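Trainee: Shown below is the structure under consideration.
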Amino acid sequence: MSHIGSASTNDDDEHWLDVDDATSLPSISLDEALLQIDQFDDSLLLNDQLYADDDSTLGGEIFSGRSSADASTNFQYTLECPLSYSQCDSITAVVQSVESQYGRARALAYCIERLALTEALLHSVKGEERLGSGSCAAFSEDGSHLAIGYSKGAVRIINASTGSSVYIIHEAGQPGRGILQTVFLSRQRTLLALDSGGSVFEIRLRRKITGKRKELINCIFSGCNGEVVFMRYVPVHHLLVLVTLTKVLVVSTNHGGAVLCSVQLEGAPDAPPQCDYWLEGRESVRMCFGRGTQLFVYRVFPGRLALKGVKSAELIANIETSVPLISFSFISESFIWYLDVKEAPGVYDVNTRTALPQLTPPTLEIIYATADFKACRYNIGKFLCSAIHKFVLLSPIELIDNFLSRKDHISASLYALDIVKGKVKAARSQSIRSKVEKKLDEIIYLLVEWIMDGLPGGKVAVLVAHYRKYIDLLLKVCHQADRMALFYTIGYPRIEQDGLARAVMFELLDEAVMDGALVDPPPSLVADYLQNLQNEGHFAQLQAAIVRLPIYCIDIHWVMSTCRQNRLFDGIIYISNKALYDFVGPLEELMTNVSLFSERELRADSEIDIGNKLMLYLYCCLAGQAYPFGDLPPELVDKVPLEVYRCITSLRGKDGVASEERYPYLRQLLQFDAQQFFHVLCQCAGVALFSAENRLERLLDILCTLCIELLNEPILEQMLLCIAHLAANARILPQTTKLEEAVHALLMMPTLSESAETAVVDVLRAVPEIPLQHPLQLAQRSPLKTKTCTYILSTERRFIELIDCFLRHGAPTTELFSVITRFLCYELTPGEYKDLTTYLKEHLEELTSLSPKDAAALVVDHFIDHFARLRPMPGADLRDSMAHFPLLKECFQLKRDRGEHAMTMDDALDEDLFSLTFHGLIDEHNDYSEKLDAILTDWLRYWLPLGSRSDRCLNAASAVEATEACVLLLEARGFSGRAFELLKQRLVEESSKVEINDEALLQQIDRCVQFCSCHVEEARAGGWMPTLFRHVIALTQNRQNNNLGVRSRLLSMTRRMLESDTSIAVELITALYEAPFFAEAKYGENAALLDSILMACSYQKAILTSLHSCQDEEMSDAMMKLSQLSTKRLPRLAGGPCIKCRGSIDKAAYVFSCGHLIHMECDENGSRTCPCEAPGAPKYPETLPVMPPNRAVAKRNVFANWNEDPDCAPRPRNLLREKRGRQL
């Protein structure tokens, strides 16, 4: 230890005092900084996936806190805080001894070199009373110098190597302010000092020519504009970060001290704003800004800070803390070390934005050196006054050891697995991974022992749950870490000793086997596993496990016996194919089992399952694939399909000559499921087996012969569909002889389904070589095969013959009209179109009788000229044309559905056709007189222009007493009075009945009122409403008539009449009081009506009064103007003869402002100026009297004698002059 002196003359002093003007910073204030462009805007992208691995095995990173071993499990592990801290006892002892000797008022500054190795104190500096207590210290970039700030505003610079004092600045800040922080800029020639007032000063050291040292101090940030509480300097990118109470300013020391960007900071007033950075590379730096419970981590790109329009930073993480922080610092790229308000240290993971748990909650005496934390409720201490603590970041191996020391084998295994799989960023080096791989065997062994130790006590169910959870974890860890051999040698023998654990393990092996995780298992394990499945009766799982286990691990004899005993054909096929290389034997065995039920229509589910396995196995063999998945060995790809093909096409099967059936295997396949079998053939049609030696054509010829022998409609249908598909895709060239026989056999069946007929058409279309004459004859037999006939006759363009065939055999009308519509849309020759339309017009009545609606669509769309033939002859009876009514009715309905209002372009023809339809409607619904009126009205509301063109529809409606229809037609023809009389008559008839229908009566009253409302002028002129009112009030004269509906209608009519005319109010009131229900009622029952009557009258009176006042006001203004005109001086009036020719003004003339007139023909030069105004013109005589000009009124200057003394002497009064003045 060496004591530092107060002076030094070495070369470092000369180097330190070199002047560096490149790093000078101009003075700026907060107001200026606020005007700078803020590039840390709110639109920065929060890059959540910046550090995540998509292929992570456990889904977590180092120190991420929680991770799962697999997406299907809930295994998670928790990592403790990766920091290990301890107190440096030797240095702490020296600190405490110096503190006891010099007291708390003295400051100590230490440079600790390689503290983790030596923990030795190298130098110490004694403080001076005049400088005050030490408050801060900072090293230069290269560590050669140390700047110490003092509480009285001084700054001391010492040489870190020798401990000698280089320079002392007595006033580095504002007078009376202490130094809170010092920061070196580049090359140790310039430093910044932050005082307790929040101001920042730049200190530049110079040496004069005489050798005398001089400091230049410049305030670059004034604390009166906002206190700076913290500073950080990034020397690599020459960035200075100033943390104020409200925001963070990023200043460039290479661009004249410009504020490059700023970040707003909001938080509690007792939470200090903080800042720290971590260098990521030459292009970017990671910065963390925070205050209180908010931390913002940015990636800043210094090269973009001076560019406009380019974002210079991106938001990496936004961390919300549970406790306010008072300090934090980066300890690695992904972890931030912090101190909270409880003075407890901790670590935050930037990737997961969570705090890592702490081993023990320590309490340290914290030192505060910020402007707003100069005094607060927390602990206050001096710089390094109590102790020095060392914090060390633990390695992954040490973390695993910590897990094992706590016997947390689950977390240790999961964390080790993450490291081995390369999912932990901090442990991706090959050396760490190799160490963990060596340790993984020990971890798995300890995990097995911990699992099998079980629980200290409890129920069996709890123990079973324990085994199920953690044995599953053991299997997953061993599989993902490629340690299955370790499980076979260590795990299984240990688990096998416990019966419960053994049973649970076999259950968990099901998933492992299905996922292919059981790699190279020992035969003993496989035998025990399969035996367990058989004992438990899990034959489906047993069958699935057999086909997924390696063949060399299976007891073939036991498996074959078990599978045959329980009809597990997947196992039989797997063993035969993999072990015995026998592919035909399993097929024949399946055929034998299928032959037992192939001819039955009703089959059990197990039988259907066996048949489906047969089809799948047949497909795999013919396609050269392994069953049920995988590929065949290359040497068997061509051999297996040929052997299976020869097997299924064998003439007598495996029984040979002893069999009486020909092609028994093909026959069984057709009888079991012909659709699946032909589907297999279509899928395998492109393989090399069927491409050689015409094997596919020969197989289809055999199948065609068998289908004809079986004479089964579904089998024949599926065969034809298969041949049509293969022929359409150019897979085969079928022989037409056999195919023609199959088509004939299918068409000769008495009943043929629609799908079978479609199959026939598909074959005829795909194989045009088949003759069509005989199939057409068979299709025309009863019952008619419409699809076949349609295809054949359409292909031969025999359209009329096809329609005639449909008519003769009574084909469904939908197919008939569909065929007709399709033919009319064909590209027909003129001759074909003429013949077809002529035939259809001749048979239109027959088509109408089959379906009037379809016939109407046919006529409207294609035969619009046919309507002229349906018009009744002039003078003929309409009943002679009623045969056309069904067609016309559907035509008009079709037009109505389409939203059209005309049938043809001829209005007269449309009127005649609608009149015929209207009479037909009357005849059709004459028996339903109650509905007839509604039906006619409904038709008339849409076709009213046609129905009201003449009186025919009106007369017909009147004849059947269709009142609403008559009213509608009279209203349309302009006879509204007759229509109202008709409504009134119907009301009278309804009210005159012996048994009055109250509902019908009210409907008639409402209809009359509605009609009056629609024709206001006619109703007022004809007095319809009073007439209706008198009739309705007469209905209420009878005391026995207590119909409340009639009374309400009466009151409603009263209101309507008062709205149009209030002069009849007295008459209405008188008439109402004649009714007993109104006269004998209480006032409260009719108060609303009486109030409305009075209110209407008062409204009218008020309106008249207002109207009269408006008239008086307007007339008064007009009278005032007229009275003023009587005393107004009139302008010169034009008149007299022409000023030039002195003739009378009897033709066009000009009038001038001077009062003269001149004919237009007299204005020879067209100057349009009066001759009296021309220069040198003779004086024309005045033709009109000229008004004398206005005389100027003499004005008296009242201030002329203002300065003279007033004459106040009394004078005699002239009474005569005063009298005249008053008279004037």
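Trainee: Compute the signed sum of charges (Lys and Arg +1, Asp and Glu -1) over the other residues within less than 12 Å, Cβ to Cβ, of G176.
Mentor: 0
Trainee: Then there is this: With a sphere of radius 15 Å drawn around the Cβ of R949, what net charge do the other residues whose Cβ falls strictly inside it have (Lys, Arg +1; Asp, Glu -1)?
Mentor: -4
Trainee: For the range 694-770, with only Lys/Arg (+1) and Asp/Glu (-1) charged at the beta-carbon, what is the dipole magnitude about the Cα centre, in debye rounded to 20?
Mentor: Result for the range 694-770 is approximately 320 debye, rounded to the nearest 20.
Trainee: Let me ask something additional. Rounded if a/c is under 1.5, else prolate if a/b beats b/c, else oblate: with a ≥ b ≥ c from the C-alpha gyration tensor eigenvalues square-rooted, which is the range 683-825?
Mentor: The shape class here is prolate.
Trainee: Oh, and also: If I take the Cα coordinates of the range 512-575 and project them onto the principal axes, what are the three extents in Å, biggest first?
Mentor: Its Cα atoms span 28, 21, 19 Å along the three principal axes.
Trainee: Hey, another quick one. Looking at the range 818-967, I'd like the Rg to Rh ratio, where Rg is from alpha-carbon atoms and Rh is Kirkwood's inverse mean 1/r.
Mentor: 1.01
Trainee: If you bin every alpha carbon distance in the range 694-770 into 10 Å steps from zero, what whole percent lands in each bin?
Mentor: 21, 59, 19, 1
Trainee: Starting from the Kirkwood radius over alpha-carbon pairs of the range 459-587, derive D by Stokes-Einstein at 20 °C in a medium of 1.002 mPa s and give it in µm² s⁻¹.
Mentor: Using the Kirkwood radius from Cα pairs, D works out to 139 µm²/s.
Trainee: Which entries in K439/K469; K407/K476; K421/K578; K895/K984 show an alpha-carbon gap greater than 26 Å?
Mentor: K421/K578; K895/K984
Trainee: Sorting check: for 513-519, 857-863, which peptide has the highest mean count of neighbouring beta carbons within 10 Å, and how do the rest follow?
Mentor: Put in order of decreasing packing, that is 857-863, 513-519.
Trainee: Show me, bin by bin at 10 Å from 0, the whole-percent P(r) of the range 583-692 based on Cα pairs.
Mentor: Percent of Cα pairs in each bin: 14, 47, 32, 6, 0.
Trainee: Considering only the other residues whose Cβ falls under 14 Å of the Cβ of E697, what net charge follows from Lys and Arg at +1 and Asp and Glu at -1?
Mentor: +2
Trainee: To continue, here is another question. Taking amide hydrogens as modeled 1.01 Å from N in the peptide plane, which residues meet the under 5 Å criterion relative to C219, leaving out close sequence neighbours?
Mentor: Close amide H contacts, sequence-distant or interchain: E202.
Trainee: Turning to a different aspect of this structure: What does the C-alpha gyration tensor say about the overall shape of the range 770-847? Classify as rounded when a/c is under 1.5, otherwise prolate if a/b is larger than b/c, or oblate.
Mentor: Oblate, because a/c is 1.5 or more while a/b does not exceed b/c.
Trainee: If you take the square roots of the eigenvalues of the alpha-carbon gyration tensor of the range 923-1025 and sort them as a ≥ b ≥ c, do you get rounded (a/c under 1.5), prolate (a/b over b/c) or oblate?
Mentor: Judged from the Cα gyration tensor, the range 923-1025 comes out oblate (a/c at least 1.5, b/c at or above a/b).
Trainee: Any idea how far apart E842 and S524 come out in nm if each label point goes 7 Å out from Cα toward Cβ?
Mentor: Using points 7 Å along Cα→Cβ, the separation is 9.9 nm.
Bear in mind these aren't lab numbers, they're just calculated from the coordinates by the rules spelled out. Since this is a predicted model, take the numbers as computed values, not measurements. Methodologically, a virtual Cβ is constructed for each residue, glycine included, from the backbone with ideal geometry; neighbour enumeration extends over all protein chains shown.
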